[in-house]
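First comes the structure, then the notes that go with it.
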Amino acid sequence: MTLHDLPTEILYQIFLSVPPASIPTLQQVCRKFNDLSQPLLWRHHCQSNYHHWRPEHEIHTKYAQSAAQVNWKQLFRTRHLGDRAVSQELESILASQTGRIEKAERILAYGYDAKDTLLRHLDVSDDAEDVLARRYYSDAVLGAVHRTRAIEEWIKLREGQPVSLEQALAAFDQFVLHDRDGDLEETCASLDYVAESIRLQNPEISKASPQKKAQLIAGYLLNKKLTGVEADSQYHNLQNSFIGLALRSSERAALPLISVAIFCAVSKRLGLVAEPCGFPFHIYAIVIAPEGHDVDGRPLQDGSETQRIYMDPFRSDTVISKSDLEAQLKAMGIASIDHEEYLSIASTADMVRRTAMNIIKAIQSTGQIHDINVSAETAYPESHGALYSALWVLLLLPEENPARPASARYLRYMLDHVEQQFLMDISMIEKFAIPLFEGSQNQEQLRETIRVIRAGDLMPKTVKPRDRETLRSVHFKVGQVFQHRRYDYQGVITGWDVECAAAESWMSQMGVDRLSRGRHQSFYHVLVEDKSVRYVAEENIDNSPLEVSTSLMSLAGRHFKRWDNTSKMFISNIRDEYPDD
């Protein structure tokens with residue numbers, strides 16, 4: 001028996017194991033090979049090779065259709081060519097220190113189609129020669145892909161387009177995601193899974209009354225630790241403001257707003273109408289009975305209003321009476337005439353704004369903006385990405401009239417973040433931020449700032465050679481772990497300067513000249529356990545033996561090659577990528 005004699009079904013299974021690039025050549029061997037069910041074959045390769053797709057592909061709709069209705073071969077070819085182009089641009093970023101912003105923008109043009117390729121480069125082996133640079137720039141561009149997707153959701157909100165509450169809130173996760181699970185599609189899939197689990201556990205839930213259904217859902221979420229926070233002491237943890245993290249956490253990690261959003265999203269999937277209520281200082285859920293029925297499922301009398309009840313899925317599965325909420329509002333000094341406003345359905349934009357403010361409060365309360373100790377529990381999500389997401393929301397979704405030019409109050413902080421942490425976001429500033437300042441002086445200032453950043457990216461970087469005499473004054477090495485003498489946080493050294501090389505304004509602000517050795521001492525670039533990057537004077541470095549925190553070990557392990565326990569240092573193949581160090 002020859003290969004040609006095998007049944008078509010077995011040949012199809014064999015073809016599934018053939019590399020996609022070889023299939024067109026193999027199909028030219030004979031007519032039987034060419035007549036295999038190509039749509040099914042190419043759909044399989046689309047599913048198995050690519051997991052992330054641009055929304056424009058409507059890939060889930062295509063998967064639900066008959067295989068013959070979609071040109072799967074052409075779709076695979078499009079993704080394959082895009083994969084190759086993204087890899088080429090990334091290789092160019094690694095090969096030259098100039099023009100990296102423009103190259104990143106060409107990758108961003110592929111949108112979410114670039115994510116699979118970037119994840120593959122981010123997962124490069126530790127033995128790769130350029131492992132650090134490849135991981136760093138793959139992560140930097142992937143972060144820009146994530147953030148673009150998030151901002152596009154908020155732009156829709158700004159323009160009055162419909163955006164689900166869970167997607168609008170999941171956009172915050174996009175700013176701290178990196179290579180972890182939990183993007184917009186994955187968050188929605190998690191909510192689908194929760195809803196299906198409730199349906200399987202309660203087969204008769206579709207027949208239950210709205211009130212009974214709401215109590216079943218709230219009870220399940222509390223029992224599975226999907227709502228609420230673990231302890232009062234953890235209430236202000238930064239992670240509690242991210243819906244994606246709350247759905248994946250093994251502990252309770254959802255503020256009232258996030259808890260209500262999860263409850264409303266799951267309720268919608270189970271046929272129950274539930275919306276957030278804009279109550280001050282605490283978010284409740286409003287459960288609305290179907291038209292013509294009350295919350296117990298009984299028909300209403302003619303002319304009766306549709307009934308609604310209030311729930312607090314953050315705390316319990318019991319119904320809260322409207323009179324109790326009105327009493328709370330009265331105790332706050334809010335006039336009765338304004339009660340209905342606070343007891344009505346809140347807009348998605350308002351929930352996004354309140355989440356942004358919760359993030360800012362969490363960062364301020366834990367001190368992650370300043371140089372103070374940050375525990376391992378608050379190291380993820382990192383504060384810089386979280387604060388950056390909040391700044392975008394305050395810029396895109398101001399409480400004032402959205403039609404008016406945007407306020408420049410947060411612009412300076414945003415530009416600082418872009419220059420220091422998110423250089424690949426320049427195109428986003430041009431596309432989404434500049435139009436908000438139409439007709440104002442800030443628009444020209446913004447354009448000039450971007451022009452300077454782009455010009456700097458195109459300038460060749462100068463390598464500064466260091467002689468042996470210079471090295472004698474530098475007492476600590478790259479990879480060395482230490483504890484800050486004043487603020488007690490742990491950090492790992494990633495670079496150094498013989499003397500303070502920061503701008504005069506920064507040295508004045510940080511009081512560098514008030515240090516005992518002033519500016520004429522070595523200064524070190526440091527990666528801290530809260531994922532921030534800091535600049536530390538040598539006299540503030542305590543090199544005494546210490547137990548390295550889990551958060552720093554995990555973080556530094558992604559940037560360095562291995563941990564040398566004998567010398568208590570992180571060892572890396574930092575060479576050409578860091579010529580100054």
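We did not get these values from a lab; they are worked out from the coordinates using the rules stated. Just so it is clear, the structure is predicted and the values come from calculations on it, not from any experiment. So basically every Cβ, Gly included, is an ideal-geometry build from the backbone, and we count neighbours across all protein chains shown.
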* Cα centroid distance between region 66-141 and region 156-192, in Å? -> 22 Å
* Asked: What spacing in nm lies between the two simple spin-label points modelled at Ser505 and Gln301, each 7 Å away from Cα in the Cβ direction?
  -> 7.0 nm
* Structure fact -> Descending packing, highest mean Cβ count within 10 Å first, for 228-241, 312-325 is 228-241, 312-325
* Asked: Between [x] 25.1, 76; [y] 27.6, 93; [z] 25.9, 80, which matches Rg and Dmax of the Cα atoms in Å calculated for the structure shown?
  -> [y]
* **Other-chain or far-sequence residues with amide H under 5 Å of Ile283's (modelled H)** => Leu257
* Structure fact -> Per the 1/(1 + (r/R0)^6) rule, R0 = 45 Å and r from the Cβ atoms of Lys477 and Lys322, FRET efficiency to 0.05 is 0.10
* **Candidate lysines for bridging to Lys225, where Cα separation is under 22 Å - those fewer than 8 sequence places away on the same chain excluded** => Lys212, Lys213, Lys268
* Mind listing the long-range amide H neighbours of Gly228? Cut-off is under 5 Å, sequence gap 5 or more, other chains count too, H placed in the peptide plane at 1.01 Å from N. => Ala254, Ser259
* Rounded, prolate or oblate: which fits region 184-349 when a ≥ b ≥ c are the square roots of the eigenvalues of the alpha-carbon gyration tensor, with rounded for a/c under 1.5 and prolate only if a/b beats b/c? -> oblate
* Mean Kyte-Doolittle of at least 1.0 plus a Cα span of 15 Å or more along the axis: flag which DSSP H helices in the chain meet both, please. => 256-269, 383-396
* **Residue-by-residue Karplus 3J(HN,Hα) for region 311-317, coefficients 6.51, -1.76, 1.60, Hz, glycine and proline x** => 10, 10, x, 5, 10, 7, 10
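Report the FRET efficiency, 1/(1 + (r/R0)^6), for Glu399 and Tyr12, where r is their Cβ-Cβ distance and R0 is 51 Å, rounded to 0.05.
0.30
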* Post the alpha-carbon centroid distance, region 483-562 to region 265-315, in whole angstrom. => 53 Å
* To do: Would you please put 14-24, 346-356 in order of how densely packed they are, using the mean number of other Cβ atoms within 10 angstrom per residue and starting with the highest?
  => 346-356, 14-24
* Structure fact -> Counting only residues 5 or more apart in sequence or on a different chain, those whose built amide H sits under 5 Å from that of Val273 are Ile288
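How would you rank 278-285, 113-120, highest first, on the average number of other Cβ atoms within 10 Å across their residues?
Output ranking for 278-285, 113-120: 113-120, 278-285.
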* Once fully extended, how much extra length lies between Tyr413 and Met332, figured as 0.36 nm per residue of separation less the alpha-carbon to alpha-carbon distance? -> 25.8 nm
* Residues Thr25, Thr2 arranged by fewest to most Cβ contacts within 10 Å -> Thr2, Thr25
